[in-house]
1. Of the conditions (1) surrounded by 15 or more Cβ atoms within 10 Å (Cβ to Cβ); (2) free of Cβ contacts under 8 Å to residues at least 60 places away in the same chain; (3) within 25 Å of Arg67 (Cα to Cα), Gly102 fails just one. Which one is it?
2. Just to be sure, is Gly39 over 22 Å from Ala174 (Cα atoms), small (Gly, Ala, Ser) and buried (at least 18 other Cβ atoms within 10 Å of the Cβ)?
3. Looking at Pro154, Pro146, Pro160, which one is within 19 Å of Val75 (Cβ to Cβ) and at pLDDT below 95?
4. Can you find, within segment 197-245, the residue that is nearest to the chain's Cα centre (by Cα) among those that are of a type in the set (Val, Ile, Thr) and farther than 30 Å from Lys40 by Cβ?
5. Can you list the helices (runs of 4 or more DSSP H) lying wholly within segment 202-283 that have 3 or more residues being at pLDDT 90 or above and farther than 30 Å from Arg19 by Cβ?
6. For segment 1-111, list the helices (runs of 4 or more DSSP H) that sit wholly inside it and hold at least 3 residues that are over 20 Å from the mean Cα position of the chain (by Cα) and within 13 Å of Leu149 (Cα to Cα); which are they?
7. Please verify whether Ala83 is surrounded by fewer than 15 Cβ atoms within 10 Å (Cβ to Cβ) and small (Gly, Ala, Ser), treating the condition exactly as stated.
8. Looking at segment 123-159, which of the residues that are of a type in the set (D, E, K, R) and assigned to a helix (DSSP H, G or I) is surrounded by the fewest Cβ atoms within 10 Å (Cβ to Cβ)?
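The values are calculated or read from the model by the stated rules, or taken from the named source; none is laboratory data. Here the structure is a predicted model, which means the values were calculated and not measured. A quick note on method: Cβ atoms are made from the backbone with ideal geometry, for glycine too, and the neighbour counts reach across all protein chains shown.
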Amino acid sequence: MIEVRELTKRYGSALAVDRLSFTVKPGHVTGFLGPNGAGKSTTMRAVLGLDAPTSGEALINGRHYARSPHPMHEVGALLDAGAVHGGRTAANHLLCLARSNGIGRARVTAVLEQVGLGGVARKRVAGFSLGMKQRLGIAAALLGDPEVLLFDEPVNGLDPEGIRWIRELMRSLADEGRTVLVSSHLMSEMALTAHRVLVVGRGRLIVDTTIEELEQRYRRDVFVRSPDDRELARVLEAEGARVETPPDGGLSVHGLDAPRISELAFGAGILLHQLTPRSASLEDAYLELTDESVEYRAEGAAR
């Protein structure tokens, strides 16, 4: 389990993380979302002891990461796939890490096969593509068979097959009861991967919830089709709804839920052919939540 308690981190006058608190529990893939500059990477570095908090603390299984006697057996992390000596082979890179934590050569071979790099184990990392380096970084995170895993933008450079693979890997790790925290800017991917999401902006927690709860909270409308759309619109507007007519027909109803629309249509003797509540996508919800926290915005971008 990961616990962040009133974490604050300043770099001179810049406030990167501002009294941030959250808990990441086992058995879930937790998405860590936020605009550029929101404090995600700084928080993950603080969890791993790479940045010292200005105040507050970050704990893994109730203690600071630096106090773990065998850190790779407890925590696996991928923060920067490029942080590898290019002159080493993939196998030698992992073997150096393994020896520091009493891990045998057989485990190195196993994780290279697991991430799909068994065939290039003896090749130098300098010749690897970004996607191959990401796979090597993931292999390093898995090396100690840890119960807690942190991934910072793990799908960067991966092709569609690789993205599906890492998605299934993270979910399978969570299903085994491990704690998985993953940051990403790809909302469509997080909607398929994560069970829960932490959304941060300007170093503060905006929301901590499940994917389903977040999408439902930002429900867009109810789509309705009827042989008598015009009369149905009149009845719904009389009840206070805002009704729009999409170009392809039907009605987009705001301000009334599906059961109430059904009751009103029944009472007016109007037949319904379709009645579909439509929730916002994770991307829609995320953009609305973080609109005031975006640090860099292109000219003409929607607010």
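1. Only one criterion is unmet by Gly102, namely (1).
2. Details: over 22 Å from Ala174 (Cα atoms): yes; small (Gly, Ala, Ser): yes; buried (at least 18 other Cβ atoms within 10 Å of the Cβ): yes.
Taking the combined requirement at face value, the residue satisfies it.
3. Every option except Pro154 fails the conditions.
4. Selected residue: Val222.
5. Once the helices (runs of 4 or more DSSP H) in segment 202-283 are filtered for at least 3 residues that are at pLDDT 90 or above and farther than 30 Å from Arg19 by Cβ, what remains is 229-238, 258-267.
6. The helices (runs of 4 or more DSSP H) meeting that bar are 71-74.
7. Working: surrounded by fewer than 15 Cβ atoms within 10 Å (Cβ to Cβ): yes; small (Gly, Ala, Ser): yes.
Criteria met by Ala83.
8. Within segment 123-159, the match that is surrounded by the fewest Cβ atoms within 10 Å (Cβ to Cβ) is Lys133.
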